[in-house]
Each structure stands twice: as structure tokens, then as C-alpha cells.
1. How many Å² of accessible area per residue for segment A:3-138, probe 1.4 Å?
2. Pop out the carbon and sulfur fraction of the accessible area of segment A:404-444 as a percent, whole number, probe 1.4 Å.
3. Which entries of A:K158/A:K180; A:K36/A:K58; A:K157/A:K180; A:K233/A:K338; A:K315/A:K439; A:K298/A:K443 show an alpha-carbon separation above 22 angstrom in the structure shown?
4. For A:S149, what charge total do you get from the other residues with a beta carbon under 9 Å from its beta carbon, if Lys and Arg give +1 and Asp and Glu give -1?
5. Can you classify segment A:161-313 as rounded, prolate or oblate using the Cα gyration tensor, where a ≥ b ≥ c are the square roots of its eigenvalues, rounded means a/c under 1.5, and otherwise it's prolate if a/b beats b/c and oblate if not?
6. Given only helices, namely DSSP H runs of n ≥ 4 each adding -39500 (n - 2.57), what is the per-residue ellipticity at 222 nm of chain B, to the nearest 500 deg cm²/dmol?
7. Which one of A:I83, A:C203, A:Y330 is farthest out on the positive end of the charge dipole of chain A, using unit charges on Cβ (Lys, Arg +1; Asp, Glu -1) and the Cα centre as origin?
8. Probe radius 1.4 Å, ligands and nucleic acids left out: which of A:V199, A:V89 has the largest accessible area, and how do the rest follow?
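The values are calculated or read from the model by the stated rules, or taken from the named source; none is laboratory data. Here the structure is a predicted model, which is why all the values come from computation and not from measurement. Here the Cβ positions follow ideal geometry from the backbone for every residue, glycine too, while neighbour counts run over all protein chains shown. Side chains are part of the model used for accessible areas, which takes the heavy atoms of the whole protein and leaves out ligands, DNA and RNA. Shrake-Rupley method; radii C 1.70, N 1.55, O 1.52, S 1.80 Å.
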Amino acid sequence: MKNEDIKILVVDDEEIVRESLTGWFEEDGYTVDNAKDAVEALNKMTRTRWDIYFVDIKMPGMDGLELQRRIREIDNEAIVIIITAYASVDTAVQALKEGAFDYITKPFDPDQLSRLIRNAAKQRRLSLENKELKGSLEQLITPPEIIGSSQHTEEIKKSIEVVAPTNTTVMIRGESGTGKELVARAIHAHSDRRYFPLVTVNCGALSDSLLESELFGHEKGAFTGALYRRKGKLEIANGGTLFLDEVGTIGPKTQVDLLRAIESKEFTRLGGNETIRSDFRIICATNTNLEEAVKEMKFREDLYYRLQVYVIQLKPLRERPEDIPELVNYFIRRYSQKMNKPIKGIDREALDMLMAYSWPGNIRELENAVEAAMVVTKGPSLQRNNFKLNHSDQPLVFSSDLSLAEVEKNHILNVLQAHNWNITTAAKLLGIDRVTIYKKLRKYGIQRPKNA
Amino acid sequence: MRKIVLVPCQFEPKSLMPSLRKRLEELLQIPVHIENMYCQPELFFDAQRSQYNALQILQSLPEIESQKTLICTAVDLYIPIFTFVFGLARLNGCRGIISSHRLSPRYYGLPNDAEILLKRLIKEAVHELGHLAGLKHCRQFDCVMANSATADEVDIKSEFFCPECHSRFLRHFNT
């Protein structure tokens, strides 16, 4: 931004001041105009947006202080510099309290005025640049889309809107593949922390000691292989959000350290003494029964209550099948672009089949199913035979030829598959305890598949 | 081509005037003359400030379109809104003024140094003549058109125009 792009308006009732300042700023290459009083200045403001105002504090009619307030109402970021005589320094101080950039007393020292205008122009340039960059960032940080219009999805969207602007810790619960990370991203993208990083840690993928080092960082030589000092995710998330996925898998020692770090926002790197301060917001997710884990002393109760401040419970897809058509169409649009395949939509019959399916892998499974169908389809729309679903062609029908034992075996298997092999949930649904279900599994030779 | 006329008016030390004229002619490649003109700064003396109003001094001089007139004085100049000025000239005007008062090392409690004073006077004269040619302040720190509000800042810049200011200056004087 060149000097000529900075627009200065000099407002003073003394002609000599107006002319001299206008001439001085013009020599410096700024675009300058002047006004003899506040009314003329306000009129000029309606036509042009001025960057810097030099306002005399004592003017007939509306004084400089009042004019400053009016300027603030119209453009809160404009820079106002108050011109004053020695006698009215008190009023100038009042102007500063009300947001003036600076004040200058008559007669001006040329050196002081030069510095003042340079600093004011610099400030204005930075402020405009900052605004522009934020605008570009806004375009980049588009919040992820939450697809679906079921009552449940609408409630989730509302919850995100409510909790995002706060600093509250959020616990997102739901089965695997229900979109917990997507909700975490949406919360971050709608929060004031959106210009800072969203750091994701998948606690389940790391051993306890690795997770500790990942979260808190380490000093050089803290342990074998620690060749360099490394910042932890808590430190990297400064100003932003830390998303702890599969929080239920954190080991007991790390739970203690994490609780302390969350409460005090202070921690030390492994092998270090320096206290690091970091301002982060915690969002965590789990698909396990944390209450059970607390009862079994596997998860600390204090950490549980610290994390369980605002809970968003995501329902599995089978409990909100009305979201399926929108999700399918969304994935079709996304993969048509990615694969450059002009698929228009999905057949009614195929959609009915998808809506009837239990989706144990939830939205993730649906996405993969749509992607796979898009690969094999040859027509302009997806058809029933393009989908290869587990048991999609085997609805839950109990034939009269089956023995009671076979019916029991099939039913247990179906319930387990429907609940992603969560033994506790399945046992609760079947109305038996966990020990009994394990006995039945052994009895019927049912084995948990490796990918469940 | 317009000529440049230097008008000494209570200027001290007088011995610097020929050197100033010669150097300006070398730098600007334009004829520079020294002429006497009726000029009475004492009429515009402000007793309260113990300074002379530069604006009023300039306004008291006749406007001669065919030449650029530069008053050289040793009195302390001011304009009402500023505590002092080294010199004054209107953009595209034909009258300007410079003062040796605050350019002299003696003003800052240092020993008299004619060489330093001459260098500063040359820069200030070229600077004001630049304004008379329509040049604004330049952002190149070493260009003579760089804004300088202190004697130190005058010392930092050179006595030459940067290429862009130079071509603008020549365009003005050749039209």
C-alpha cells in the first residue's frame, strides 16, 4: 500500500492549520483533503472512506471529541489523531481513552509529526492487511459440512453452534464411523480459535509412553532415541484446539499428567524442567463405555468429569436412516468429481436396500460402499447390484426349519454385528450378562472378525 | 528553460553564496544566478516565538513565472503550525525559502563548520527547488527529496535526486 493509497482528512477550523497540514502531507505523497468543521467532515465521510483523521479538539459546533465518537460509529478501525493546544491536554487524554491513536499539540514539531504520520500509516496498513488475510483465511477455513436433515442431525448442528464459540471441553460420543472427528472439526471451525491449529491425536494408535511424548513433547536425551527437543501436541495447539480421539484408551499415568495439564494449562516436556504454558481447548471423542471404564478403575473419575463437560452423542446410522439418501447423494457428488465419472444418482431399489441395512461401520462404511459402487457401476446411476454389503441379501428371517440353537446363534451374531462387536451393548440388548454372552460365543464357536 | 535565482536575505556567512550557486548549477545543469531583491524578514518577526514567519516572507515577494526564486536567509523560520522549518516551497510554485539557522552545527552547540553547513544548504536548496518543480517527498532514503525533519536526517540523504525524481525534475524544467 503506497502513501497515495492512504487517505487523510484534516478537520480544523483554522485555515492556516488545514492548509499547512494538507500541504505537508501532500508533499509526503498522501491523498489529503480537509474540512473546516465536524459537519463538513461527516459529509465528506459519506462519500469517501478516510484512513486517518487529524481532528482539532476545539471547534465551533460539534467538538473534536464528539466527532471522534461519530467517526468510530461509522468506521471503528479508522485512525483518529487529535490536534490540541497545550491548554487542552486533559481533553486530549480523554480522547485517547476513547480510542484516539495519539494526540499532537500545536505548534507541531516536524520530526514528531513525521513519526506520527509514519506510525499511523503503518498501523492502518497492518490493520487493512490483517483484515484482508483474515478474509482469505475465512475462504480457506470453510467449516466441514454436516450432511443430513434428520431430527438428530439438526440437533447436532445446533449443539455445534451453541458450544463452538465457548471454550468448554466437549466430549463427542458415538460408534466408530459416526463422524466424531467431523463434528470436532466443525466445532473448531466455528470457534474463535479457527485461525489457530486443530491438532488431532489418536490416543488409541499410540502406546502409553509414546502418547505421553506425543502430548507433552520431550527434551533432547529424555529417552533413548530422543535426539532432538520436540514440541508436544499440547504446545503446538496453543491458541487452537486439541482433539483427542479414542480418549478411553489413554493409560493411567498419562491420564494423571493430562488432567493436570488440562486444569492448569501448564506442563513440562519429558525430561525437562521448563514449565510450558499453552492455551488450548480440548475436544475428545470415544466409542467406548467410559462409565464402565471408570467403574472398572481403568479410567480416572476426575479426568472423566473434567472431559465430560458438554456431551454430543452421535447416533449410529441405523437409528437415523432418513439421513442416508442425503449422505449417498453427497458421496456420489464428491466421488463423481474425484473419479471424473458423471454419475447422476442412485436407483430407488438400491437406496431402499441401503436404508434397510444396519451399517455397523456407520457413515464410514456407507462412504466406502458408495465409493466401491461408483468404481464398478457402468450406468449413469448406482444400482442395487453395484453394492456388496455384508448380509445385505440376508434379511433377519428365522426359518421354521432352524433349531432353537441355530436361531440363538444367528440372533447373537446379528446383534453383535449391528453393534460393532460391543459385548456390553449386545449383552444389554439381549438381556443377558457379559459372562453369559462370552459363554454363548464359545459354545457356538463364534469368533470376532479381525476388522471389527 | 527556466532559470534559478538565489536571493540572499540576511544570509550568513555571505562567503558561502558563490559556492552554493556553483554547486547547484553543477547538480541541476540549469543556470543559477545570485540577485538582490527587496525582502524584509523583520516585518514578519513573531516576538512571542522569536522566529520569522516563512509563509508571510514568501507571500511578500513578487511571483515571477519565468524563474524559480529561492530566498537564502539565516533567520529562524517557522510556519504557524510548526515549531520551525528548514525551508518552505509550494508544490509547482515559483518562490521558495531556505534558512541556515538550524542547519548550522553551531545551533546544536557544536563548533562552526562551514563545510557541513554548505553541504546541508545545498541539500535543502535542491529539496525546495524540487518542490517548486512539483516533486513530492521521496521514499528513497538517500534521495534529496526524502523528508527530513532534523539536521541528522539532512545529513543522511545525498544531494542527488533518485533516477525517478531526477527525470521528473528535468521534465518540469524542460517544459
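1. Numbers: 6370 Å² over 136 residues.
The answer is 47 Å² per residue.
2. Numbers: 1350 of 2410 Å².
That fraction is 56 percent.
3. Working: A:K158/A:K180 15 Å; A:K36/A:K58 12 Å; A:K157/A:K180 13 Å; A:K233/A:K338 32 Å; A:K315/A:K439 29 Å; A:K298/A:K443 29 Å.
Where the Cα-Cα span goes over 22 Å, the pairs concerned are A:K233/A:K338; A:K315/A:K439; A:K298/A:K443.
4. Working: positive: none; negative: A:E154, A:E322, A:D323, A:E326.
So the environment of A:S149 carries a net charge of -4.
5. Working: a/c = 1.81, a/b = 1.27, b/c = 1.42.
Since a/c reaches 1.5 but b/c is at least a/b, the shape of segment A:161-313 is classed as oblate.
6. Values: 5 runs with 56 residues, N = 175.
-9500 deg cm²/dmol, from helical runs alone.
7. A:C203
8. Values: A:V199 15, A:V89 40 Å².
Largest accessible area first, the list is A:V89, A:V199.
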